[in-house]
Each structure stands twice: as structure tokens, then as C-alpha cells.
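Visitor: Sharing a structure, written as C-alpha cells. Questions coming.
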Amino acid sequence: MSEAAQLLSNFGKKAKLIAGGTDLLVTKPPEVECLVDVANLDLNYIRKDEDGIKIGAATTVDVIESSEILSSGPYVVLSEAAGVMATPAVRNMATIGGNICNASPAADLSLALMVLDSTAKVAGQGEIRILPISDIFEDVNKTTLKEDELLVEIHIPLVTRTTGASFIKLRHHQTSVDIAIVNVAARLTCSKDHCEDVRIALGAVAKKPVYAKKAEKFLIGKRLDAELIQKSAEAAAGESKPIDDVRASAGYRKKMVQILVKRSLEDCVRRCGTWQK
């Protein structure tokens, strides 16, 4: 780990980490002179203990998709996101650390981790930092990590039994290069028929993955019903800031945010075991 951090420091912007290489080998940034291979570091694992779930940064997406630890409860949101990412061939190579640190605004795993209030363990030369996953993202394909830092581990805290989570992705086709037009993740913690806590994360509608904070405020402490969920979904669409591009117009994306947030919240409520007609 220290050797990798040293190489990153020595080469600066001319160095790139590589594990699966599924993004790096496509973009092939011309400035890169040094590839720091971290595939053989002991960072490929999924473990659960009394503190939560720990996932090594070099864990591949297919392992996350099929993990028994992530197969039930709200943690299933992460395996759901993994299952609709790219193609099986890419999932066999791509790593969770690479998906996060590529910092795509449409990254699937990042949204799922955000709604689970996950944190990242980041190692540099003589320093280890713990930060929320959402704090890693600065701009399109740009992170807040220092030049000598690498993502080591993701930690997902334990959640209550009355919590449900959901991930939904809208795209044209499932190919190795087809990314989300819009993707949404949500997590609800319920007490009887009221919302105790909520997270809603949006992808492909801003320069980085974002929380729909206004939409979340609509739900906190309130009785969950269809009208409230609809208002929350409308608020999420209102605070999204998508752009026009070759995949979809900004207006279409806003409408899809509303629809997908509504569906995702309804999934969460059903998974909590609480629903008011």
C-alpha cells in the first residue's frame, strides 16, 4: 500500500491506478506514463461484523452482485446496482474502487453506497482518512483524493430491520459502454407508518452523484402515503440539474427522475413492510 502511494506521489498526474482497467483501457488518457497495478494487494473481500460490512476496493462487481452478505435487507440495493452495470464480461473485471474513483455522474454503485451512508477508507503516504462516499466526488470524472491517495476499503454501517432500499436504472441497452440516462437509489427507515430516516441519490442529472435533499425533507417524520411519495418525487425532479446530450434531453431526464424516485420509494416502503394505500 505504501509503495503504491509512493509511486502515485512520485508521478503525480502522470500515474493511474489499475485493477480491472475497464474504464482506463477505454479512455487511455495520453498523459499517463505510469500504471500502478493494485490487483495483487489484499483488497478483494466482502466481510460482515458487528460494525457493518467492509468491502475491499479491488472487489469485482460480479462478486458484489452474487454476494450472500449483500443478498438480503437494504444491502440488496448494492447487489441490484451491480447486476445492471455493463455486461457480465465487464462485471468480471471491473472493481468497486474503480467504479467509485472514475467519478462518473452516472456511476451505479456510487448511488447505492450513498443511500446506505457508506464511508470510504483512503490511504496516502503516512495518512489514512475516512470520508463519506459522497465527499469523494468533486466534478465530472474528478475526485477529491490527493495525488498520493488510493481508495482502500468501503464501510457500510449496520441498518435496522425496518429499513428498505431500492435501485432503478434507465438506459437504452445493456452494453459495456451504455451508461444510465438516469439512475436512482433510495433508502427508507420506517417506524410503523412513518418515515424515520431517508436517503435519495440521483445519477446522470448533475456533474456528480447527488442527494435529493429537498425530496428527503418531504418525508422525514411524516406518515407515508401515495400523495407524500408523489410530492417527494416531484421535489427530486425539481432539484435535479440534468443537461441535454446524445442520450436524452434535460426535460426528459427531469420527468424520469420523478417517475424513478416514486417507484424506488414505493419499493423501499414495500421492503420495509409498511404501506398506506
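The values are calculated or read from the model by the stated rules, or taken from the named source; none is laboratory data. From a predicted model like this one, the values you see are computed outputs, not experimental measurements. Backbone-built Cβ (ideal geometry, glycine too); neighbour counts: all protein chains shown.
Visitor: Please verify whether region 64-81 includes one or more residues that are surrounded by 20 or more Cβ atoms within 10 Å (Cβ to Cβ), among the small types (G, A, S) and within 23 Å of S264 (Cα to Cα).
Guide: Within region 64-81, one or more residues are surrounded by 20 or more Cβ atoms within 10 Å (Cβ to Cβ), among the small types (G, A, S) and within 23 Å of S264 (Cα to Cα).
Visitor: While we're on this one: Considering (1) in the same structural domain as D49 (by TED's automatic domain parsing); (2) at pLDDT below 95, say which one L145 fails and leave the rest.
Guide: (2)
Visitor: Also, quick follow-up: How many residues, within region 19-58, are β-branched (V, I, T) and buried (at least 17 other Cβ atoms within 10 Å of the Cβ)?
Guide: Qualifying residue count, region 19-58: 6.
Visitor: Could you say whether any residue in region 31-45 is assigned to a loop (DSSP other than H, G, I, E, B), modelled with pLDDT of 80 or more and in contact with a Phe, Trp or Tyr (Cβ under 8 Å, 6 or more places away or on another chain)?
Guide: Within region 31-45, one or more residues are assigned to a loop (DSSP other than H, G, I, E, B), modelled with pLDDT of 80 or more and in contact with a Phe, Trp or Tyr (Cβ under 8 Å, 6 or more places away or on another chain).
Visitor: Another question, then. Out of everything in region 112-129 that is of a type in the set (V, I, T) and outside any helix (DSSP H, G or I), what residue ends up being surrounded by the most Cβ atoms within 10 Å (Cβ to Cβ)?
Guide: The selected residue is V122.
Here's the yes/no breakdown for (1) touching a residue at least 40 places away in the same chain (Cβ under 8 Å); (2) in contact with an Asp or Glu (Cβ under 7 Å, 6 or more places away or on another chain); (3) surrounded by 24 or more Cβ atoms within 10 Å (Cβ to Cβ); (4) in a strand (DSSP E or B):
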{"position": "S110", "(1), (2), (3), (4)": "yes, no, yes, no"}
{"position": "L131", "(1), (2), (3), (4)": "no, no, no, yes"}
{"position": "L145", "(1), (2), (3), (4)": "yes, no, no, no"}
{"position": "H155", "(1), (2), (3), (4)": "yes, no, no, yes"}
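Residue-wise test of (1) in the same structural domain as A103 (by TED's automatic domain parsing); (2) touching a residue at least 60 places away in the same chain (Cβ under 8 Å); (3) part of a strand (DSSP E or B); (4) buried (at least 17 other Cβ atoms within 10 Å of the Cβ).
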| residue | (1), (2), (3), (4) |
| --- | --- |
| A180 | no, yes, no, yes |
| R187 | no, yes, yes, yes |
| C195 | no, no, yes, yes |
| I200 | no, yes, yes, yes |
| K208 | no, yes, no, yes |
| I229 | no, no, no, yes |
| A236 | no, no, no, yes |
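Visitor: When residues of region 72-103 are filtered for being under 19 Å from T119 (Cβ atoms) and among the acidic types (D, E), how many remain?
Guide: Total meeting the criteria: 0.
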